[in-house]
1. Using a 10 Å cut-off on Cβ to Cβ distances, tally the other chain neighbours for every residue of B:43-52 and report the average as a whole number.
2. Along Cα→Cβ at 7 Å, what distances in nm separate the A:PRO96 label point from those on the other copies, shortest first?
3. For B:GLY159, place a label point 7 Å out from Cα along the Cα→Cβ vector, do the same in each other copy, and report the separations in nm, one decimal, smallest first.
4. Where the only charges are on Cβ atoms (+1 Lys, Arg; -1 Asp, Glu), what is the dipole of chain B about its Cα centre, to the nearest 20 debye?
5. Tell me which of B:LEU260, B:GLY27, B:VAL79 sits at the most positive position along the dipole axis of chain B, charges placed on C-beta atoms (Lys, Arg +1; Asp, Glu -1).
6. Could you work out the relative contact order of region B:142-230? I mean the mean sequence separation of Cα pairs under 8 Å and 6+ apart, divided by the number of residues, in percent.
7. Counting only Cβ atoms, what residue of chain B lies nearest to the axis that sends chain B onto chain A, and how many whole Å off?
8. Taking each residue of B:188-194 in turn, how many C-beta atoms of other protein chains fall within 10 Å of its C-beta, and what is the average?
Protein chains: 2
Amino acid sequence: MNLKTEDYRVKVGKTVRLKNWSTDENGGLDKAEGKAWAKALADELAHWQERLYAENRRSLLIVLQARDAGGKDGTVKHVIGTFNPNGVRISNFKVPSEEERAHDFLWRIHAQTPKTGMIAVFNRSHYEDVLVTRVHDMIDDNTARQRLEHIRNFETLLGDSGTRVLKFYLHVSKDEQEERLQARLDDPDKLWKFSAADLKERALWDKYTKVYEEALGTSTAAAPWYVIPADRKWFRNVLISQIILDTLRDMDPQFPETDLDPKKIKIK
Amino acid sequence: MNLKTEDYRVKVGKTVRLKNWSTDENGGLDKAEGKAWAKALADELAHWQERLYAENRRSLLIVLQARDAGGKDGTVKHVIGTFNPNGVRISNFKVPSEEERAHDFLWRIHAQTPKTGMIAVFNRSHYEDVLVTRVHDMIDDNTARQRLEHIRNFETLLGDSGTRVLKFYLHVSKDEQEERLQARLDDPDKLWKFSAADLKERALWDKYTKVYEEALGTSTAAAPWYVIPADRKWFRNVLISQIILDTLRDMDPQFPETDLDPKKIKIK
């Protein structure tokens, strides 16, 4: 199988209409084939992650955004969970604390960007500051445009400093979200994940669509957005794994050179 | 198989002589059986980790200490790597930075202790401040004793605040260390892990033994030390997994109660 990952990338300067992007794809595979493929990708990813870590000069930042029950946690568990945890740091950005709100909106984000050699994963991110805040009219359009420009500049700074940025919007249908929220209600072991607040956000579906479309306009060569068809969890996992793998291959990290001559070293 | 994990725990107030502790055990299993068992443990650990995360009231701190090539990174990869990464944070403590040295020795450590619901892993830790520093005579015995007392108090603070602490000393033989260092020299893809400094530390083997034995004296009920026979990597993984599992079961985290009646909620 050969996934054309660029088909899911938002072209620079292009306006996104989410209704034209599929939520439900299988890449011509069935579920068992997809899972086998994800496993093969995981082995290759492990190799490239080790090279990134060993090289210790550049880093990778993975941004996960989605509606509630869109699959952010599942992506962390099943895709990021295959990586060597020594080289990964996950940051969950929730409602800002009082201290965080006393700074500019990128302050707490900047503090969590990856060190050289590392892969950082943002489970929600600075994009919440142009999404949930807009939907609830906490900021006006002018502030939103200003923030989007600050985000662009910030991501350019990261890119110029050796951090590649990959941004994934996990695109689920309204029906699929309903099924997943219902599944949380039906399973006592999942009930803790259910929040009545999710239903309020669901009622604002179209408003979210609109602000997401604007946020996806920040796709750049150094920090592209990908719209991931996410109704099928296994396909989401395969596609994201493939995009990360392609990116690491393109970065082509190298094991560091050494002056040591291993033959001349004697361990006593 | 039934591992008596308490056999590997350092009893409170007991003086450790490492030469009396085995580096090489198999628990009556062969390697294939051990790996199968580790896999079964991983599934159970995932369940208990989810409960800890969902409960969101307490946390777990895992401290990994070992000589060079003792298996800290391998433990992170193979044991911690089976956890849901969303609930795990790894901290690698290297030579302190200038800013870190301008504070007390527990300052940078305290900043990395786990939030509620989380498992934190310290790959090296505050114990380096009574190990490498002592071996190289950077601190005197009086300062070391003072620091050990501060460590005890600090770990008691964590315990009283809902954080369980598990401390693992990965116990390898001098021969096994030689083999592992040699393996790094022999494999071009592993050569980046080799550091000439490791040979200097190896030459101080007996001095390290002595200071480790004193550090292991900080075993308490709330923050026990375990001496893990670590010459066989698969046995190390099984034993550590079993100890973490026993600990989580003993903590017995619960899915949170909710006032919601799932039958009364209708998703529109």
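1. Across B:43-52, the average partner-chain Cβ count within 10 Å equals 1.
2. Ordered by increasing distance: 3.3 nm.
3. So the label point of B:GLY159 gives 5.3 nm to the other copies.
4. 540 debye
5. The one lying farthest along the dipole's positive direction is B:LEU260.
6. 50 percent
7. Its Cβ sits closest to the axis: B:PRO85, 3.
8. Per residue, the average neighbour count from other chains is 5.
The values are calculated or read from the model by the stated rules, or taken from the named source; none is laboratory data. Predicted, not measured: the structure shown is a model, and the values here were computed from it. Reconstructed Cβ throughout: ideal geometry from the backbone, glycine too, with neighbour counts over all protein chains shown. Just the protein is used for accessible areas: all its heavy atoms, side chains included, with ligands, DNA and RNA removed. Shrake-Rupley method; radii C 1.70, N 1.55, O 1.52, S 1.80 Å.
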